[in-house]
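The block underneath contains the structure these notes are about, expressed in structure tokens.
The values are calculated or read from the model by the stated rules, or taken from the named source; none is laboratory data. Computed from a prediction, not measured in an experiment: that's the story for all the values here. No Cβ is skipped: glycine too gets one built from the backbone with ideal geometry, and neighbour counts run over all protein chains shown.
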Amino acid sequence: MSLDWEERDPDLIAARVDRELGIACVATLGEEGCIGWSGGVRRSVAAPSVGVVDTVAAGDAFVGAFAAALHQGLGFSGALRRGIAAGSLACTRAGAQPSLPDARQIEKLAAELAH
């Protein structure tokens, strides 16, 4: 499916996907965190400051933690926090699988992001 939209800003694209296609949309923004649109509501989570070693698997960590949080019923905002926590933590270690954080680490950082 080609959308052929003029928008290039991730926030505008996510808002439009949500509004026109009725699909919740999330955009990760690296050190700027992430934004998500669902049901016409915009949510954002700032990325914590971490010492970046390697960004391999950061996106995979985000998506896995985001999906797991949704499955656990933690809501869209809770899922965004856990996703950004997992992606950020993955950046602090080299490699793909070795960089993936465990649930305890994700929950600890997500709790800090909630404040």
Problem set entry | Where a residue in the range 35-58 is under 12 Å from Gly95 (Cα atoms) and its partner, wherever it lies, is among the hydroxyl-bearing types (Ser, Thr, Tyr) and surrounded by 19 or more Cβ atoms within 10 Å (Cβ to Cβ), with Cβ under 6 Å and at least six apart | Ala57/Ser99
Seminar exercise, completed: Of the residues in the range 1-58 that are more than 16 Å from the chain's Cα centre (by Cα) and small (Gly, Ala, Ser), the one that is farthest from Glu112 (Cα to Cα) is Ser2
For this session: Test each condition in (1) modelled with pLDDT under 95; (2) within 15 Å of the chain's Cα centre (by Cα) for His115 and report the one that comes out false.
Result: (2)
Exercise. If only one of Leu100, Leu113, Leu89, Leu109 is more than 22 Å from Ser38 (Cβ to Cβ), touching a residue at least 60 places away in the same chain (Cβ under 8 Å) and either buried (at least 16 other Cβ atoms within 10 Å of the Cβ) or small (Gly, Ala, Ser) (or both), which one is it?
Worked result: Leu109
For this session: Could you tell me which of the residues Gly33, Gly95 is surrounded by 13 or more Cβ atoms within 10 Å (Cβ to Cβ) and at positive phi?
Result: Gly33
Seminar exercise, completed: Of those in the range 56-65 that are out of contact with any Cys (no Cβ under 8 Å at 6 or more places or on another chain) and within 18 Å of Ala46 (Cβ to Cβ), the residue surrounded by the most Cβ atoms within 10 Å (Cβ to Cβ) is Ala65
For this session: Kindly check whether there is at least one residue in the range 66-84 that is among the small types (Gly, Ala, Ser), on the phi > 0 side of the Ramachandran plot and buried (at least 20 other Cβ atoms within 10 Å of the Cβ).
Result: no
For this session: List every residue pair whose Cβ atoms lie under 9 Å apart, where the two residues are 6 or more positions apart in sequence or sit on different chains, the first residue falls within the range 59-77 and is over 20 Å from Arg93 (Cβ atoms), and the second residue, located anywhere, is at pLDDT below 95.
Result: Ser77/Ala114
